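Asks: The structure follows.
Any read-out appearing in this document is the output of simple, stated calculations on the displayed coordinates, not a laboratory observation. In this text the structure is predicted, and so the values were computed from the model without any measurement. FYI the Cβ positions are ideal-geometry reconstructions off the backbone, even for glycines, and counts take in every protein chain you see.
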């Protein structure tokens with residue numbers, strides 16, 4: 001980060017306190033979701049371990065959830081901006097993008113989001129927003145997760161894998177393009193249909209299933225997260241196994257994944273935020289790649305589909 005911006009952010013931090021002269025954390029969620037919620041828990045657990053919590057009366061917290069509405073999200077961004085928080089925490093992708101488009105002088109700590117270039121956040125000179133911190137990820141783990149499908153299904157003929165994706169999410173479109181390239185190498189046919197809202201997920205999933213797919217791949221997408229129970233129910237009824245790149249979705253019924261631990265993802269971002277609160281400076285801070293990934297499987301689901309999972313996988317409760 002350029003020195004002048006570090007200085008400006010440091011000065012801003014000293015001025016951003018509210019009632020009781022405490023630092024204020026604005027945490028913005030995109031929607032209600034059991035998997036994504038683990039990131040928020042991890043974030044605040046990391047802060048608490050470092051001495052920052054509402055219970056300890058060492059921070060003020062503003063929490064808002066957009067409930068899947070872009071209009072509500074924009075209203076939340078403007079509200080939080082007006083409160084002059086010490087820092088903004090965002091989860092997952094859409095609040096991160098919206099916050100950085102509207103807030104330029106407050107540190108933004110992302111989680112459960114792709115790296116900046118995959119969110120199209122880079123400036124014209126290739127640099128990233130100077131106020132972006134937190135933890136992101138790339139597509140490498142998706143490759144490993146997608147390769148599990150032919151390995152675990154052990155089917156010799158060409159597989160047909162169905163996907164849904166949100167056309168309005170750049171990272172979702174890019175992930176689909178990436179997966180299609182990999183699928184061609186693996187001799188897998190990918191059938192993908194667009195969906196723009198969780199309310200449409202059931203109809204689109206049923207359309208995919210009518211094309212006799214062998215498996216469904218749940219990619220990292222806000223609509224997929226928000227409508228996963230609908231997706232998994234439809235696929236189970238059609239006897240089509242669901243694979244994913246998100247470990248949290250395995251706990252919700254997918255067969256297997258190689259992905260980040262969502263709780264630890266939030267915890268990693270929270271440790272960064274705690275450093276800022278301790279030092280009142282962004283010096284030495286920058287966005288990081290997620291550190292903890294693991295192979296996980298759902299034993300009940302695997303048994304349901306007669307899938308034998310080998311070593312190297314952790315069973316999820």
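Asks: Taking the mean number of other Cβ atoms within 10 Å as a proxy for protection, how do you rank 46-56, 85-95, 236-246 from highest to lowest?
Replies: Most protected by this proxy first, the peptides run 85-95, 236-246, 46-56.
Asks: Return the distance in nm (one decimal) between the two label points of a simple spin-label model at residue 211 and residue 300, each offset 7 Å from Cα along Cα→Cβ.
Replies: About 3.1 nm, to one decimal.
Asks: Quick one: pull the percentage of alpha-carbon pairs in segment 69-146 with a separation above 15 Å.
Replies: 55
Asks: Quick one: helix 140-153 against the long Cα principal axis of the chain, what's the angle to the nearest 10°, folded into 0 to 90?
Replies: 20
Asks: Ok, one more. Quick one: angle between helix 3-15 and the longest Cα principal axis of the chain, in degrees between 0 and 90, rounded to 10, please.
Replies: Helix 3-15 and the main axis of the chain meet at about 70 degrees.
Asks: Could you work out the relative contact order of the chain, using alpha carbon pairs under 8 angstrom and six or more residues apart, expressed as a whole percent?
Replies: Relative contact order for the chain comes out at 20 percent.
Asks: Let me ask another. Any idea how far apart residue 291 and residue 70 come out in nm if each label point goes 7 Å out from Cα toward Cβ?
Replies: Label at residue 291, label at residue 70, 3.6 nm between them.
Asks: For segment 230-251 and segment 297-317, what is the separation of their Cα centres, given in Å?
Replies: 13
Asks: Cα extents of segment 211-266 along the three principal axes, largest first, in whole Å?
Replies: 37, 19, 16
Asks: Of the listed peptides 223-232, 297-306, what is their order by residue-averaged count of other C-beta atoms within 10 Å, with the highest listed first?
Replies: 223-232, 297-306
Asks: Another one. If you bin every alpha carbon distance in the chain into 20 Å steps from zero, what whole percent lands in each bin?
Replies: In order of increasing distance, the bins hold 33, 53, 14, 0 percent.
Asks: For 293, 147, which order do you get if you count the other beta carbons within 10 Å of each Cβ and list the fewest first?
Replies: Lowest to highest Cβ neighbour count: 147, 293.
Asks: Take the Cα radius of gyration of segment 24-67 and divide it by 2.2 N^0.38 Å, with N its residue count; two decimals is plenty.
Replies: Taking N as the residue count of segment 24-67, the ratio is 1.18.
Asks: Quickly work out the residue 154-to-residue 184 label distance, labels modelled 7 Å from Cα along the C-beta direction, and quote it in nm with one decimal.
Replies: Those two pseudo-labels are separated by 3.1 nm.
Asks: OK, next. Residue 233 to residue 147: FRET efficiency via 1/(1 + (r/R0)^6), r the Cβ-Cβ distance, R0 25 Å, to the nearest 0.05?
Replies: 0.45
Asks: Only bridges whose two residues both fall in the chain count here: according to DSSP, what percent of them are antiparallel, nearest 5?
Replies: Taking every DSSP beta bridge with both residues in the chain, the antiparallel ones total about 15 percent.
Asks: I would also like to ask the following. Relative to the first principal axis of the alpha-carbon coordinates of the chain, what is the inclination of helix 228-237, with its axis defined by its Cα atoms, in degrees from 0 to 90 and to the nearest 10?
Replies: 10
Asks: In 5 Å bins starting at 0, how do the alpha-carbon pair distances of segment 88-218 split up by percent?
Replies: Final binned percentages: 2, 9, 18, 18, 16, 13, 10, 7, 4, 1, 0, 0.
Asks: Still on this structure, I have one more. Antiparallel DSSP bridges in segment 160-317: what percent, to the nearest 5?
Replies: Around 30 percent of the beta bridges assigned by DSSP in segment 160-317 are antiparallel ones.
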